[in-house]
Amino acid sequence: MKTLLKITAIAMLLFAVTNASAQDKVISFTKLPAKAQTFVKKHFSEKDVVTVKMDTEYLIKKEYEVILKNGSKIEFDNDGEWEKVEMKETAVPTQLVPATISQYVHKSFPNTFVKEVKRGKNGYEVEISNGLDLEFSKQGEFIRIDD
């Protein structure tokens, strides 16, 4: 019985420490991983960066979010690789959207643009300016319209 109580107490303590550490912390642009800094400088402007947040999960894994003046957001993983680009008023920079996806969007949904692109293990999720969410494979092949 005492062993069960000890295990429960340790589990609760670990849970509390993990939750306490999983909070956004505002950091300076220079604290971003080098890859993330280079990405922002190449595709946007460092001058447009308003806030940089670091979220630490499970005491090890870090994620970063960069917020621009116009409200657009860029998310990076622990290594500084971009995971998501969400634009508020304009299109996602064309270099960030695979050519096959851009071609599909322009052919299938004329007069729209890519507003958000999320890169995952299995492929890409794209939101276009008319509000539709599209899913693509890693190779850029259309899979489906997401509800």
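The values are calculated or read from the model by the stated rules, or taken from the named source; none is laboratory data. Keep in mind that what you see is a predicted model, and the values were worked out from it rather than measured. Glycine gets a Cβ as well: all are built from the backbone with ideal geometry, and neighbour counts include every protein chain shown.
Of the residues making up the stretch 85-95, at least one is under 24 Å from E57 (Cα atoms), out of contact with any Asp or Glu (no Cβ under 6 Å at 6 or more places or on another chain), in a strand (DSSP E or B) and assigned by TED's automatic domain parsing to the domain that holds T51.
Does V117 count as out of contact with any Phe, Trp or Tyr (no Cβ under 7 Å at 6 or more places or on another chain) and among the hydrophobic types (A, V, I, L, M, F, W, C)? No; evaluated as a whole, the condition is false for this residue. Among the residues of the stretch 88-96, none qualifies, meaning not one is over 20 Å from F39 (Cα atoms) and of a type in the set (A, V, I, L, M).
Here K42 qualifies as more than 20 Å from D146 (Cβ to Cβ) and without any contact (Cβ under 8 Å) to a residue 12 or more places away in the chain.
Taking the criterion of being out of contact with any strand residue (DSSP E or B) (no Cβ under 6 Å at 6 or more places or on another chain) and not in a loop (DSSP other than H, G, I, E, B), the residues of the stretch 106-118 that qualify are H106, K107, S108.
Taking the numbered list (1) under 14 Å from the mean Cα position of the chain (by Cα); (2) in contact (Cβ under 8 Å) with a residue 12 or more places away in the chain in turn, F113 passes all entries but (1). Kindly evaluate E116 against the criterion of being of a type in the set (D, E), surrounded by fewer than 16 Cβ atoms within 10 Å (Cβ to Cβ) and closer than 29 Å to V50 by Cα. Judged against the criteria, E116 is not a match. Does any residue of the stretch 21-38 turn out to be out of contact with any helix residue (DSSP H, G or I) (no Cβ under 8 Å at 6 or more places or on another chain), modelled with pLDDT of 90 or more, farther than 24 Å from K121 by Cα and surrounded by 13 or more Cβ atoms within 10 Å (Cβ to Cβ)? Yes, there is a match, as at least one residue in the stretch 21-38 is out of contact with any helix residue (DSSP H, G or I) (no Cβ under 8 Å at 6 or more places or on another chain), modelled with pLDDT of 90 or more, farther than 24 Å from K121 by Cα and surrounded by 13 or more Cβ atoms within 10 Å (Cβ to Cβ). Looking at the stretch 58-72, is at least one residue surrounded by fewer than 17 Cβ atoms within 10 Å (Cβ to Cβ), on the phi > 0 side of the Ramachandran plot and more than 15 Å from the chain's Cα centre (by Cα)? Taking every residue of the stretch 58-72 in turn, at least one turns out to be surrounded by fewer than 17 Cβ atoms within 10 Å (Cβ to Cβ), on the phi > 0 side of the Ramachandran plot and more than 15 Å from the chain's Cα centre (by Cα).
Residue by residue, here is whether (1) in contact with a Gly (Cβ under 9 Å, 6 or more places away or on another chain); (2) in the same structural domain as L32 (by TED's automatic domain parsing) holds:
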{"position": "E65", "(1), (2)": "no, yes"}
{"position": "L68", "(1), (2)": "no, yes"}
{"position": "E75", "(1), (2)": "no, yes"}
{"position": "E83", "(1), (2)": "yes, yes"}
{"position": "E127", "(1), (2)": "no, no"}
{"position": "E135", "(1), (2)": "yes, no"}
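Considering only residues in the stretch 73-84 that are in a strand (DSSP E or B) and in contact (Cβ under 8 Å) with a residue 24 or more places away in the chain, the one that is surrounded by the fewest Cβ atoms within 10 Å (Cβ to Cβ) turns out to be E83.
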